[in-house]
1. Quick one: Cα centre-to-centre distance for the range 123-180 and the range 17-78, in angstrom?
2. What is the calculated FRET efficiency for Val119 to Ala166, with r their C-beta to C-beta distance and R₀ = 25 Å, to the nearest 0.05?
3. In terms of the Cα gyration tensor, with a ≥ b ≥ c the square roots of its eigenvalues, is the range 19-131 rounded because a/c is under 1.5, prolate because a/b exceeds b/c, or oblate?
4. Looking at this model, which pairs from Lys15/Lys239; Lys29/Lys230; Lys2/Lys169; Lys76/Lys177; Lys2/Lys156 are more than 27 angstrom apart at the alpha-carbon?
5. Per residue, what volume in Å³ does the Cα convex hull of the range 145-206 take up?
6. How fast does the range 53-188 diffuse by Stokes-Einstein, in µm²/s, taking the Kirkwood radius from C-alpha pairs at 20 °C and 1.002 mPa s?
7. At 0.36 nm per residue, and after removing the present C-alpha to C-alpha distance, how many nm does the segment from Arg152 to Asp218 gain when stretched out fully?
8. Run lengths n ≥ 4 of DSSP H only: what is the helix-derived mean residue ellipticity at 222 nm for the chain, with -39500 (n - 2.57) per run over all residues, to the nearest 500?
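What follows is calculated from the coordinates using simple rules that are stated; it is not laboratory data. Note that the coordinates shown come from a computational prediction; the quantities given were computed from them, not determined experimentally. Neighbour counts are summed over all protein chains in view; Cβ atoms, including those assigned to glycine, are modelled from backbone coordinates with ideal geometry.
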Amino acid sequence: MKELAWDSVGLDFWKLGRRTAKPNEETIKWYLENVKSGDYVLVVGGTTIDLINSFVETGAHVYVADFSKRICNELKAYVPHNVSICNVNILNPPFEWLAKFDLVTSDTLINRFDYTEAVIFEQNVRNILKIGGMMKSTVKIGLYEMDYNLIRLAKKRGYSLSFWDAPSKTIDYSLAKEILYEGVLPHGDISKDVLISWYSNRGREKRFDVDDIRLLFDEWSSVEIEKDYKDRVRVKTIK
C-alpha cells in the first residue's frame, strides 16, 4: 500500500513540497564525507534529487532504490544517465546486492516504517553493505505537526483515536479518514487532494526517539547520532 502513497505524489514531493522536508546544504556535506570515486553508493528514496546528484559529482557508482514506479520514471529527467535507477523495495532487495555497497543512505526514510519494517530495513542494509561499509540516515525525532493536529482534532470532534497507538508511538493516517480532509496541513504547494491520497496510503509509521534508534542499530560495530537541523538527527552506523 505504501507504494500507492508515493505513486500519488511522485516527484512533486521534491518540486512542490516543503523545503524543510529536504536535506539542507550542511546535511548533504555530511552525507558526502569520505565518499571516493569508484565507491558504490545506494540512495534509498528517489525524491532526494539534490543528494543523488551530489554523489554523482564524487565519481561514485550511484544507485537509487525506490518502490514507486512513478518516482523511478520521473527521476530519469533529473539525474545523469549513469545513475542506476532501480524500482526496488528496500525491504526486499535483490540477491545480487549482497555485500555490494560501500555506503547506503536515506533521508528521513526510517520515519516512514513501522517498527517491524524498520527492523527489516536495518537487517537488509547490513546485508547489502560490504564489511566496514557505512549507513547514513537522517531521522525525525518525535511526532510530526500533522500527527499533533489530527490528535487534537479527534479529541475536539469526539472521534476515535484508533489511528494513534501511543504505547508503540505508531500512527496510521488511513484510520483517520473521517477527519483527514479537515486536519491535513499544507505541504508546500502540493494540492490538498494529492496530500489526502498520500497520507491515506502511507500505512503504519512509527515515531522514533533516540533510544529507539540506538536499539534498532545495537548490533552494528559503531553507531553515532548527532543533531541535524530542527527536530532531526543524523545517524551513522558502520557494519
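1. 23 Å
2. Working: r = 21 Å, r/R0 = 0.82.
Efficiency for this residue pair is about 0.75.
3. Working: a/c = 1.28, a/b = 1.16, b/c = 1.10.
Verdict is rounded for the range 19-131.
4. Details: Lys15/Lys239 34 Å; Lys29/Lys230 17 Å; Lys2/Lys169 19 Å; Lys76/Lys177 34 Å; Lys2/Lys156 29 Å.
Listed pairs above 27 Å: Lys15/Lys239; Lys76/Lys177; Lys2/Lys156.
5. 76 Å³
6. Values: Rh = 17.5 Å.
The diffusion coefficient I find is 122 µm²/s.
7. Details: separation 66, 0.36 × 66 = 23.76 nm, distance 3.47 nm.
Going from the current span to full extension adds 20.3 nm.
8. Details: 10 runs with 86 residues, N = 239.
Here the helix-only value at 222 nm equals -10000 deg cm²/dmol.
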